[in-house]
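See structure below.
The values are calculated or read from the model by the stated rules, or taken from the named source; none is laboratory data. Quantities reported herein were computed from a predicted structural model and do not represent experimental measurements. Cβ placement follows ideal geometry from the backbone for every residue including glycine, while neighbour counts extend to all protein chains displayed.
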Amino acid sequence: MTRFIYSIKFDNGKSSTCLSVERIYDPLRYFRAKFGEDSVIEVYERTGDGKSIPSTLLPLSQEEEEAIAPRAT
């Protein structure tokens, strides 16, 4: 089972981590809605031991992810 790990950086200099078994699309918007529009400044996603990817480079929806994913032939 893939676990998605979200690193959240707040405007007060603190940070937090959130684990999810499902991908959160548009994590910056999601965590701003959860913690306050002005309090969350950055979100990074990583799976397992993979590289952290900034939310600005992540797909905003499942449809967008499917459209940009390489097709298996």
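None of Asp38, Asp11, Asp26, Asp49 is among the acidic types (Asp, Glu) and within 9 Å of the chain's Cα centre (by Cα) except Asp26.
Do you know which residues across the range 46-61 are surrounded by fewer than 10 Cβ atoms within 10 Å (Cβ to Cβ) and in contact (Cβ under 8 Å) with a residue 40 or more places away in the chain? Across the range 46-61, the qualifying residue is only Gly48.
Yes or no, residue by residue, for (1) part of a strand (DSSP E or B); (2) touching a Cys at 6+ places or on another chain (Cβ under 6 Å); (3) surrounded by 11 or more Cβ atoms within 10 Å (Cβ to Cβ):
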residue	(1), (2), (3)
Thr2	no, no, no
Ile8	yes, no, yes
Thr17	yes, no, no
Arg32	no, no, yes
Asp38	no, no, no
Tyr44	yes, no, yes
Glu63	no, no, no
Glu66	no, no, no
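Do we have Glu63 as out of contact with any His (no Cβ under 9 Å at 6 or more places or on another chain), of a type outside the set (Gly, Ala, Ser) and at pLDDT below 95 here? Can you show your working first?
On the way: out of contact with any His (no Cβ under 9 Å at 6 or more places or on another chain): yes; of a type outside the set (Gly, Ala, Ser): yes; at pLDDT below 95: yes.
It is true that Glu63 is out of contact with any His (no Cβ under 9 Å at 6 or more places or on another chain), of a type outside the set (Gly, Ala, Ser) and at pLDDT below 95.
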